[in-house]
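The values are calculated or read from the model by the stated rules, or taken from the named source; none is laboratory data. This is a predicted model, so every value here is computed, not measured. Counting neighbours? That spans all protein chains shown, and the Cβs are built from the backbone with ideal geometry, glycine included. Each accessible area value is taken on the protein alone, full model and side chains, heavy atoms only, with ligands, DNA and RNA left out. Shrake-Rupley method; radii C 1.70, N 1.55, O 1.52, S 1.80 Å.
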Amino acid sequence: MSVQIKIINKSNNPIPAHATELSAGVDLRADLSQDIILKPLERALIPTGLYIQLPEGFEAQIRPRSGLAFKHGISVVNSPGTIDADYRGEIKVILVNLSNEDYRVKTGERICQMVVAKHERINFEVVETLQDTQRGDGGFGHTGNI
Ligand SMILES: O=c1ccn([C@H]2C[C@H](O)[C@@H](COP(=O)(O)OP(=O)(O)OP(=O)(O)O)O2)c(=O)[nH]1
């Protein structure tokens, strides 16, 4: 699908693109005028320089990159962040450092991935009872650990 994108870029980052033929997401890059140091457990709102216009019925999800998470403990606080189809502001990413060492976020670095997904719009219909199921209200581990 085609998505309109506006780029206001301090760092000359390329247009996001799928890395392989079947990648679900596109990596987004930090658009910074100077590097940011994230101390252990510190978080920061990182600009991307990207503005998108999604079609009605679609959202974009901001998710961590597994390599950064595994190697450096860098994650996205509100994962998956939601970009609404009516949002016209800059896409920003709330990164957190979950490691015990400082992490330097460099401009142009790939900090997260963005996946575009369809969603429904809900009208709640208020009822007195819900249909019975085998699970009922069992959850939170009620089927055991194994
Ligand atoms: O990781 C994120 C999450 C959200 N947004 C932008 C796009 C989204 O459409 C808007 C609002 O996001 P959300 O609904 O999560 O924020 P909120 O805290 O509920 O704020 P609001 O009251 O403005 O909706 O902020 C981002 O740029 N990055």
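Restricted to segment 55-81, and to residues that are among the basic types (Lys, Arg) and surrounded by 15 or more Cβ atoms within 10 Å (Cβ to Cβ), which residue is nearest to the ligand (Cβ to nearest atom)? If you could, list the steps in order and put the result at the bottom.
We begin by selecting, within segment 55-81, every residue among the basic types (Lys, Arg); these are 63, 65, 71.
Then keep just the ones that are surrounded by 15 or more Cβ atoms within 10 Å (Cβ to Cβ); that gives 63, 65.
Values: Arg63: 10, Arg65: 14 Å.
The residue in question is Arg63.
Results for (1) open to solvent by less than 90 Å² (accessible area, probe 1.4 Å); (2) of a type outside the set (Ser, Thr, Tyr); (3) in contact with a Cys (Cβ under 8 Å, 6 or more places away or on another chain), shown as yes or no for each residue.
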residue	(1), (2), (3)
Ile83	yes, yes, no
Asp86	no, yes, no
Val93	yes, yes, yes
Ser99	yes, no, no
Asp102	no, yes, no
Thr107	yes, no, no
Met114	yes, yes, no
Ala117	yes, yes, no
Glu120	no, yes, no
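Of the numbered conditions (1) assigned to a strand (DSSP E or B); (2) touching a Lys or Arg at 6+ places or on another chain (Cβ under 9 Å); (3) surrounded by fewer than 17 Cβ atoms within 10 Å (Cβ to Cβ), Ile52 fails exactly one; give the number of that condition.
Ile52 satisfies all of (1) assigned to a strand (DSSP E or B); (2) touching a Lys or Arg at 6+ places or on another chain (Cβ under 9 Å); (3) surrounded by fewer than 17 Cβ atoms within 10 Å (Cβ to Cβ) except (3).
Kindly indicate which of Ala60, Ala69, Ala19 is closer than 17 Å to Met1 by Cα and without any contact (Cβ under 8 Å) to a residue 40 or more places away in the chain. Please lay out each step first, then the result.
Working: Ala60 fails: without any contact (Cβ under 8 Å) to a residue 40 or more places away in the chain; Ala69 fails: closer than 17 Å to Met1 by Cα.
Being closer than 17 Å to Met1 by Cα and without any contact (Cβ under 8 Å) to a residue 40 or more places away in the chain holds for just one of Ala60, Ala69, Ala19, which is Ala19.
Can you tell me how many residues in segment 84-101 are within 15 Å of the ligand (Cβ to nearest atom) and either assigned to a loop (DSSP other than H, G, I, E, B) or more than 15 Å from Ile7 (Cβ to Cβ) (or both)? Before you say what the answer is, go through the steps one by one.
Within segment 84-101, the first condition is being within 15 Å of the ligand (Cβ to nearest atom), and the residues that meet it are 84-96.
Filter once more, so that each one left must be either assigned to a loop (DSSP other than H, G, I, E, B) or more than 15 Å from Ile7 (Cβ to Cβ) (or both): 84-91, 93-96.
Residues flagged as within 15 Å of the ligand (Cβ to nearest atom) and either assigned to a loop (DSSP other than H, G, I, E, B) or more than 15 Å from Ile7 (Cβ to Cβ) (or both) within segment 84-101 amount to 12.
Could you list, in sequence order, the residues of segment 94-146 that are of a type in the set (Ser, Thr, Tyr) and touching a residue at least 12 places away in the same chain (Cβ under 8 Å)?
Here is the first cut: in segment 94-146, the ones of a type in the set (Ser, Thr, Tyr) are 99, 103, 107, 129, 133, 143.
The answer is Ser99, Tyr103, Thr107.
Taking only pairs six or more apart or across chains, which ones have beta-carbon atoms under 8 Å, a first residue in segment 32-45 that is within 16 Å of Ser99 (Cα to Cα), and a second residue that is hydroxyl-bearing (Ser, Thr, Tyr)?
Close Cβ pairs satisfying both conditions: Ile37/Tyr103; Leu38/Tyr103; Pro40/Ser99.
Being crowded, with 18+ Cβ neighbours inside 10 Å and outside any loop (DSSP other than H, G, I, E, B) narrows it down to one residue among Leu28, Leu45; which is it? I'd like the intermediate steps shown before the answer.
On the way: Leu45 fails: crowded, with 18+ Cβ neighbours inside 10 Å.
Sole residue among the options that is crowded, with 18+ Cβ neighbours inside 10 Å and outside any loop (DSSP other than H, G, I, E, B): Leu28.
Among the listed residues Arg104, Arg135, which satisfies the condition of being part of a loop (DSSP other than H, G, I, E, B) and either touching a helix residue (DSSP H, G or I) at 6+ places or on another chain (Cβ under 6 Å) or of a type in the set (D, E, K, R) (or both)? Reasoning before the result, please.
Details: Arg104 fails: part of a loop (DSSP other than H, G, I, E, B).
Exactly one of Arg104, Arg135 is part of a loop (DSSP other than H, G, I, E, B) and either touching a helix residue (DSSP H, G or I) at 6+ places or on another chain (Cβ under 6 Å) or of a type in the set (D, E, K, R) (or both), namely Arg135.
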